[in-house]
Amino acid sequence: MESLKWTVRNFVWVAGFGTSLIPSGGIPKADAIGTALAKTLGLVGKQLDFLQLHNYLDPEAFVHMVSNSPNTRQLFERVVSILSPGKATLTRPIIEAALESQDFGWATGIEKTVEVEEAARAFGVDTKTAQRLIKHPLYSYPGGHSFFELYVELVDGFHQLGQDHQGKVLCLYTHSSTLRALLIFLDPRPFSEAFSEFGAYKEGQDNVVLLTYEHGQLSGYSTAVGLSEKERAVREAWMTVEQDRRAKVILKPRTIRRIVALVSGGDFAGAGAALKELRVTGNRLGLEVHFVQHGFLGLANNWINLVTEEDTRGMSNHASSPIGSSRFEDFKDEEVQLAAIHHLKPFMEDGALIVLGGDGSMRGARAIYERFGIQVVGIPGSIDDNIAGTTSLGVQSAVSLANQSIESLKATSAAMGSVFFVEVMGAGSGHLALMCAYQARAEGLLVNEHPDPNAYIEEVILGTLKQTLGVRNKSHIIIVAERTPHQHHPEGGVHGLVDYVGGRISQWTHLQTRTGHYPLSVATKATILGHTLRGAFPTPVDKTIAQLFAYEAIRRLIEQPEQVIGCMLAYREPGTIQPIPLHAVAPKPFDWELFARMHGTELV
Ligand code: F6P
């Protein structure tokens, strides 16, 4: 609960409105905004409740702000009477200058057609051209301001508001012209595209935007009345799927008698520590514990065994998975799934399955939960660390092992002046490569996510080496994620880079021609760390996280099965384990900010 509060510094609700509340149209619209806002609060509240997070969106604690204009006050009154019916008359809004209407010429004030005609006459152009010109963000309105100037002022004003009310939820009632500028600001597309889109924004398009102000930045969180069809559909689908998930939970609190655990997909460090804890806590709290050899393949082959204290002795420090794992593509076939379920069923009466693995394994777990009602809980484990909202088991140990090799390579690189390309696993996800490169202060990082690896090789790798080669005691390390595609070899990764980069370096005359100096001879070499990283010994951090996952899986299966069945547990920060529904498991976005920072630039 504290963690979310920490990230969400400030919430700002903004409702925009036209010039006056006409009883026939304006009042019902204001009521619609209030109702939509209340509905969204209810929805977000349910999601927070589901994730067992504190509901920080308490309408009674909102700070309401209006502009000087009577219609924003009226809007406030209608909305508050819906949000906090009993308290409406007691709540007073604050008048805030940043919320005043902005005269953006063609959006408010002068009739648009009149303005276009006047502009056409003044510029000596036809009305179509005039319309294009006055829609330009730098067009100066009769008051002497361009849209862009007012826009910057307005965004500044909102940032200030956010900064002055850290930790509060602000509910702002303002004008549609102001709201239009905000929508342009919040739109992730380039300014020109958002500007064109919201140029057509009309006062009748009432909207409520939930802004968050966190880490000094404003961003849009959701819209209510103006919710697009797509957003509405996504929200409703989430609620429906979530209801289905809950409906499939059969286990009642304190009825579970046994668990079956398996490890699936690419193996990883920490699996042993998690399995050992499942056995220890499971037995201590009265459960039978069974392990499946080689993941879903073992389920299809009926390799399910009861485990005892003796079986798990020494297991927590085991590298990789002590009970094996597998990639089992055939598990996508319904027939194979049926065979597996047939073997699993006798254990599932008063029992649950625990699946340890990566994104593919979580998809498998979701499939058997949704199709066959197997009471399943996921624990994320993959050196790829590519699941959003959690740290996956194995990545800490993989980085730690990679670090030993990378530091050795750095030492010899610094001594000899050579260039080392180090390939780490992660075809399709560069999180591990980024973690390795960042902590090692590597000179370069080539990942699959890069939009143009060839350009990166030319500009960043060769560009950096041009400056660093020949510097005494300087190491040159480039981390490369497995199979990153480039034009120097069909297999990508480090393949082809040694020859290509070596060839280019040999042509650099500046390295050879410093008068009175003999240059260091530069060798380019590649090291593939590959599968060594999957078999890394578990670090204390991985073992600790593994034990927390396992303990929480058992505890919650006993006490609150509805909260964890059909979910994957997520490790959010030290000591905090939270469930994420399997249907909501999503890929982790690549950390471009860290990528930029390791290259000595910042994105913000
Ligand atoms: O388990 C994840 C992973 O190690 C990836 O980093 C890698 O790209 C892939 O598996 C390799 O899989 P395999 O060893 O099965 O070829």
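Take the chain, mark every one of the GluC sites (Glu not before Pro) that falls in a DSSP loop and has at most 13 other Cβ within 10 Å, then report the longest stretch left between them, sites excluded.
Details: sites that count: Glu111, Glu309, Glu349, Glu491, Glu602.
Value returned for the longest uninterrupted segment is 112-308.
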* To do: Could you pull out every one of the aspartates and glutamates with an alpha carbon less than 14 Å from that of Lys46, ignoring same-chain neighbours closer than 8 positions?
  => Asp58, Glu236, Glu242
* Structure fact -> If amide H atoms are modeled at 1.01 Å from N in the peptide plane, then the residues at a separation of 5 or more from Ala261, or on another chain, having amide H under 5 Å from its own are His290, Phe291, Val292, Ile354
* **Cα gyration tensor, the chain - rounded (a/c under 1.5), prolate or oblate** => oblate
* the chain - charge dipole about Cα centre, Lys and Arg +1 at Cβ, Asp and Glu -1, debye rounded to 20 -> 940 debye
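Count the DSSP beta bridges whose two residues both fall in the chain, then state the antiparallel fraction as a percent rounded to the nearest 5.
Percentage antiparallel, nearest 5: 35.
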* Structure fact -> In the chain, taking the dipole from +1 charges on Lys and Arg beta carbons and -1 charges on Asp and Glu beta carbons about the Cα centre, the listed residue (Gly428, Val125, Thr89) farthest towards the positive end is Gly428
* Between 0 and 90°, nearest 10: helix 431-440 axis offset from the chain longest Cα axis -> 80 degrees
* Asked: Pairing the Cα long axis of helix 176-186 with the longest principal axis of the chain, what angle in degrees results, from 0 to 90 and rounded to the nearest 10?
  -> 20 degrees
* To the nearest 10 degrees, how steep is helix 271-284 against the longest Cα principal axis of the chain, on a 0 to 90 scale? -> 90 degrees
* Asked: Between Ala340, Pro253, Val116, whose Cα lies farthest towards the positive end of the dipole of the chain when Lys and Arg beta carbons carry +1 and Asp and Glu beta carbons carry -1, centred on the Cα centre?
  -> Pro253
* Hey, what's the Kirkwood Rh for segment 402-535 if you take every pair of different alpha carbons, in angstrom? -> 14.9 Å
* Asked: Taking the Cα centre of the chain as the origin and placing charges on Cβ (Lys, Arg +1; Asp, Glu -1), which of Ser192, Leu138, Asn448 is farthest toward the positive end of the dipole?
  -> Asn448
* Structure fact -> Summing -39500 (n - 2.57) over every DSSP H run of at least 4 in the chain, dividing by its residue total and rounding to the nearest 500, the 222 nm mean residue ellipticity is -13000 deg cm²/dmol
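With a cap of 12 neighbouring Cβ atoms within 10 Å, and only residues DSSP puts in a loop, list the chymotrypsin sites (Phe, Trp or Tyr not before Pro) found in segment 37-102.
Passing both the DSSP loop test and the Cβ count: no residue.
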* Okay, which of segment 243-270 sit inside 15 Å, backbone N to the point 7 Å along the Cα-Cβ direction of Asn301? -> 263-265
* Determine the share of segment 402-535's accessible area contributed by carbon and sulfur atoms, expressed in whole percent, with a 1.4 angstrom probe. => 51 percent
* Would you mind classifying segment 332-423 by shape? Square roots of the alpha carbon gyration tensor eigenvalues, ordered a ≥ b ≥ c; an a/c under 1.5 is rounded, otherwise it is prolate if a/b is larger than b/c and oblate if not. => prolate
* Nearby aspartates and glutamates by direct alpha-carbon distance to Lys128 (threshold 15 angstrom, same-chain neighbours under 8 apart not counted) -> Glu115, Glu117, Glu118
* Asked: Which of rounded, prolate, oblate describes segment 243-355, given a ≥ b ≥ c as roots of the alpha-carbon gyration tensor eigenvalues and a/c under 1.5 marking rounded, otherwise prolate only if a/b is larger than b/c?
  -> oblate
* **Using θ = phi - 60° and Karplus 6.51 cos²θ - 1.76 cosθ + 1.60, couplings along segment 398-404 (whole Hz; Gly, Pro as x)** => 4, 5, 4, 5, 4, 4, 4
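The values are calculated or read from the model by the stated rules, or taken from the named source; none is laboratory data. Only a predicted model underlies this, so the values are computations on that prediction, with no experimental measurement involved. Here the Cβ is made from the backbone with ideal geometry for all residues, glycine too, and neighbour counts use every protein chain on show. Accessible surface areas use protein heavy atoms only, side chains included; no ligands, DNA or RNA. Shrake-Rupley method; radii C 1.70, N 1.55, O 1.52, S 1.80 Å.
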